[in-house]
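The values are calculated or read from the model by the stated rules, or taken from the named source; none is laboratory data. Predicted model, so just to flag it, every value in this text is computed and none were measured. FYI the Cβ positions are ideal-geometry reconstructions off the backbone, even for glycines, and counts take in every protein chain you see. Ligands, DNA and RNA are excluded from the accessible area calculation, which covers all protein heavy atoms including side chains. Shrake-Rupley method; radii C 1.70, N 1.55, O 1.52, S 1.80 Å.
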There are 2 protein chains.
Amino acid sequence: MTTLHIVDDDEAIRDALGWLFQSRNVPVIGWESAQAFLDAWSPDLSGCLLLDIRMDGMSGLELFDRLLAQNCRMPVIFLTGHGDVPIAVGALKKGARDFVEKPFNDNELVDRVIDALAFDRDQRAREAGQAGLAARIATLTQRERQVMELVVAGRLNKVIADELGISMRTVEVHRAHVFEKMRVKTAVELTRLLTGAA
Amino acid sequence: MTTLHIVDDDEAIRDALGWLFQSRNVPVIGWESAQAFLDAWSPDLSGCLLLDIRMDGMSGLELFDRLLAQNCRMPVIFLTGHGDVPIAVGALKKGARDFVEKPFNDNELVDRVIDALAFDRDQRAREAGQAGLAARIATLTQRERQVMELVVAGRLNKVIADELGISMRTVEVHRAHVFEKMRVKTAVELTRLLTGAA
DNA sequence: GCGCGGTCTGCGGATTTCCACAATAGCCGC
DNA sequence: GCGGCTATTGTGGAAATCCGCAGACCGCGC
């Protein structure tokens, strides 16, 4: 679900943030430790993360690192009480979306979270498209993939036949199969698909 | 030139940094104020910027904003004595490349500057390619541009003729002109050019 | 062994693209 | 007005692509 995940070991803060966001119609789930969230995380968890830096046990930064190692691309907003520039800079350069010091302005934080949620939705839509594409590519045979690459590289069938050492007719057959499986009608459409054009 | 531009109103620091970088074979130019650099800036100044935050007159942050307003895309590394998280976060989110607190580690700073210089070179190469492309597109006539768009959209000449209400032969002529002016031989190559593929 | 899928090939025809040669017409600047 | 650029169209042929029909070989699983 597209939810704000709040990871903070201070229950009072989880509750306060929970109230804040629920009053703005943002679904919230609270986690009492980095480990708890890490255990529950799966790639189809969507939404964004609000992460306290200083926690007992695993810190927010370490959780962030571990999530990155697992290819989590959920937007992360850090919350911290004690400002530390190198930490903030490091987190942002690793890809964190924001880094907010307490005390924070409620409205501002809500806005940033809402932006992050929208970003995650968009990103997931893009990734879903890519996944469908990858699935179609997976149905291609070895040869078909080879031919497809050369077609997308702009080679004529004649040239492809030469390069692969097969007859033009065979290239045509593979090419037709590629078009069918990739659900396109022309080489241009195929190129747009694979180069990720609009 | 691809140079490190140091903007700091403290001459001692400019000198110290100048020595540091020149000893590492990084060309350096020092500027004694934000205004001085801003006056001298032009879009073909290349390299990267090392910018002190606190200066008499215009601050480093304000210089950064003004440069952004002028579409400067040179990588900027901020230097600051007094850490302030919101400022650092704001600068990075606006696109600054780094934000370093004094005292800094010499080697680390040099590495980051060298990275930034390499980034600028790459970025300029990409932009030069795009500029050449834009220049070629500019030589196309109205009609040729229309035809090009439809070709890249994957339409057949026949369909393009219908959509534009002209004869197929005319479409062929425009299409050939487009290929010639854009220096490609196939519709696929043209598509790759315009969609910015490898 | 038999079927299925992948790879390979040829033939022939329809469609599309590519291109040289040729021509008409409007607009703009010298 | 002439020359140049743009847009338009036609004829006709060469080249490339698209596609159905037909057949071949090989490996794999039932």
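If the condition is being more than 10 Å from DNA strand D (Cβ to nearest atom) and in a helix (DSSP H, G or I), then segment B:188-197 contributes B:E189, B:L190, B:T191, B:R192, B:L193, B:L194. Going by the conditions given, is A:A161 farther than 30 Å from B:R183 by Cβ and not in a loop (DSSP other than H, G, I, E, B)? Spelling it out, it is not the case that A:A161 is farther than 30 Å from B:R183 by Cβ and not in a loop (DSSP other than H, G, I, E, B). Filter segment A:130-153 down to the residues that are touching a Lys or Arg at 6+ places or on another chain (Cβ under 7 Å) and within 11 Å of DNA strand C (Cβ to nearest atom), then identify the one that is nearest to B:V188 (Cα to Cα). Checking each candidate, the answer is A:V147. Within segment B:97-104, can one find any residue that is in a helix (DSSP H, G or I) and either at the interface with chain A (Cβ under 10 Å from one of its Cβ atoms) or over 28 Å from A:E101 (Cα atoms) (or both)? No, there is no match, as no residue in segment B:97-104 is in a helix (DSSP H, G or I) and either at the interface with chain A (Cβ under 10 Å from one of its Cβ atoms) or over 28 Å from A:E101 (Cα atoms) (or both). Give the residue, chosen from B:G57, B:G47, that is small (G, A, S) and touching a His at 6+ places or on another chain (Cβ under 7 Å). Just a single option satisfies the conditions, and that option is B:G47. Starting from residues that are open to solvent by less than 30 Å² (accessible area, probe 1.4 Å) and within 16 Å of B:V188 (Cβ to Cβ), keep the ones in segment A:159-178 and report whichever is nearest to DNA strand C (Cβ to nearest atom). Among those that are open to solvent by less than 30 Å² (accessible area, probe 1.4 Å) and within 16 Å of B:V188 (Cβ to Cβ), it is A:V171. Under the condition of being part of a helix (DSSP H, G or I) and open to solvent by 50 Å² or more (accessible area, probe 1.4 Å), which residue from segment A:1-20 is farthest from A:F104 (Cα to Cα)? Restricting to residues being part of a helix (DSSP H, G or I) and open to solvent by 50 Å² or more (accessible area, probe 1.4 Å), the top hit is A:E11.
Applying the selection to segment B:114-158, what residues are part of a loop (DSSP other than H, G, I, E, B), buried (at least 16 other Cβ atoms within 10 Å of the Cβ) and touching a residue at least 40 places away in the same chain (Cβ under 8 Å)? B:L140 - this is the single residue of segment B:114-158 that is part of a loop (DSSP other than H, G, I, E, B), buried (at least 16 other Cβ atoms within 10 Å of the Cβ) and touching a residue at least 40 places away in the same chain (Cβ under 8 Å).
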